[in-house]
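Step one of this worksheet: look at the structure below.
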Amino acid sequence: MHFTPAGFPSGIPGIGDEIERIIQQTPQPARHSITLVLIFILYFVKLHSSFKTFHFDCLFSVNYFRIDLKTYTEEELYYLSNCRLCPHECGADRLSGGKGFCKSDAGFNISSICIHKGEEPVISGAKGICNIFFSHCNLQCIYCQNHTISGNKIPVVNRYFTLNEIVDAICETLEQSENIVGFVSPSHNIMQVIAIIKALHRIGKYPVFVYNTNGYDKISSLQMLEEYIHVYLPDFKYMDSCISMKYSQVKDYPEAASAAIKEMYCQKGATLLVNNEGIAESGIIIRHLILPGKIEQSIEVLKYIAEEISPNIYISLMSQYYPTPKVMGHPEMSRTIVSDEYDKVLDAFHRFGLYKGWAQELESNSFYRPDFSGNDPFTI
């Protein structure tokens with residue numbers, strides 16, 4: 001662990017070195033505790049210091065990442081030190097690095113902040129949404145179209161590290177968008193999402209915030225987000241636990257996703273509020289990606305939504321699945337969906353009394369193929 005405070009009051013030379021010495025001499029199991037104690041002592045000193053020149057612009061780096069201590073509240077630091085923010089409930093100490101399922105630390109791990117015009121019409125509009133793509137994921141879907149940034153066992157590129165960098169990039173991108181910000185793959189970054197929103201509010205920026213999630217969310221985390229998020233955009237992938245384990249490495253996806261989406265529905269209801277330009281301002285849209293050979297899962301998901309949540313809710317049926325290099329040799333996933341599969345899912349949509357939403361054209365699998373190796377993953 002490496003801890004580098006800066007900006008301490010004059011007259012206390014070498015305090016950063018002294019703090020690092022204390023931490024390094026502490027046995028590994030207790031390092032997290034002593035680190036938090038020192039953080040809170042320093043914060044208390046900041047609040048009560050009589051030194052006029054004291055500016056607590058302290059950055060500390062743990063392993064390979066940096067965090068501005070002012071980014072998080074004491075409560076938020078606690079959540080990050082014993083992470084149970086998603087259904088995995090790893091209990092990982094993210095202040096000491098990424099050791100949980102998602103391999104994410106307490107820093108801002110963002111692979112891209114860019115304009116995206118490929119979302120639903122009420123999300124993208126004509127100008128597009130400012131999307132924030134977090135790296136890593138709390139699912140590991142073998143067919144993920146964002147696999148180059150979502151993998152937890154591969155190196156990923158992170159382009160933004162400090163809150164100021166992130167806010168600057170968002171503000172620049174917002175000027176080109178419909179004044180709407182999307183958090184993509186945010187389920188393992190709840191504290192980071194809240195920190196970004198609060199930072200934007202502090203400078204007078206109040207765009208619509210969209211929570212674009214795989215659906216594997218925890219109810220208590222969604223309740224923390226209620227005052228911040230305007231539109232929920234969850235996936236609802238499967239209703240079979242064996243399928244979810246086989247394709248996404250979690251067995252409890254059906255239970256977790258159904259509970260999470262019910263919580264989102266409880267917060268927003270079935271009504272999708274839009275502004276004069278037709279851009280969503282509040283509500284929930286449930287996405288479902290049709291997978292090859294898994295039409296029974298699509299039908300079960302739609303049936304559950306209609307019978308257990310509401311037939312009045314907005315649905316986005318997605319036909320954009322395409323086999324990434326990871327599944328090119330897979331016996332089931334190495335092809336796109338065919339027209340018969342597509343038609344059966346649309347028939348089920350209407351048969352269950354669902355009537356609001358959108359369906360991608362069957363040919364959509366030729367589009368929406370992001371490349372995160374550059375600054376703009378959607379540049380053609």
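Computed from backbone phi with θ = phi - 60° and the Karplus coefficients 6.51, -1.76 and 1.60, the 3J(HN,Hα) list for the range 235-247 is 6, 10, 8, 9, 10, 10, 5, 5, 5, 5, 5, 5, 9 Hz; x is used for glycine and proline.
Taking each of Lys153/Lys262; Lys127/Lys218; Lys70/Lys117; Lys153/Lys218; Lys268/Lys303 in turn, the alpha-carbon distance tops 25 angstrom for Lys153/Lys262; Lys127/Lys218; Lys70/Lys117.
For the peptides 166-176, 221-231, the ranking by packing is 221-231, 166-176, with the highest mean count of neighbouring Cβ atoms within 10 Å listed first. The order of the peptides 94-103, 71-80 by mean Cβ neighbours within 10 Å, most packed first, is 94-103, 71-80.
When all alpha carbon pairs of the range 110-366 are counted in 10 Å bins from zero, the resulting P(r) reads 7, 31, 39, 20, 3, 0 %.
When peptides 267-274, 301-308 are sorted by average Cβ neighbour count within 10 Å, with the highest value leading, the order is 301-308, 267-274. Each 5 Å bin from zero up to the one holding the largest Cα-Cα distance in the range 228-294 carries the following percent of pairs: 4, 16, 22, 20, 14, 12, 8, 3, 1.
Amide H contacts for Glu281 (H built 1.01 Å from N in the peptide plane; partners 5 or more residues away or on another chain; cut-off under 5 Å): Leu273, Val274, Asn275.
The numbers here are math on the coordinates, done by the rules we state, and not lab data. These numbers come from a predicted model, not from an experiment. Note that each Cβ is placed from the backbone with ideal geometry, even for glycine, and that neighbours are counted across all protein chains shown.
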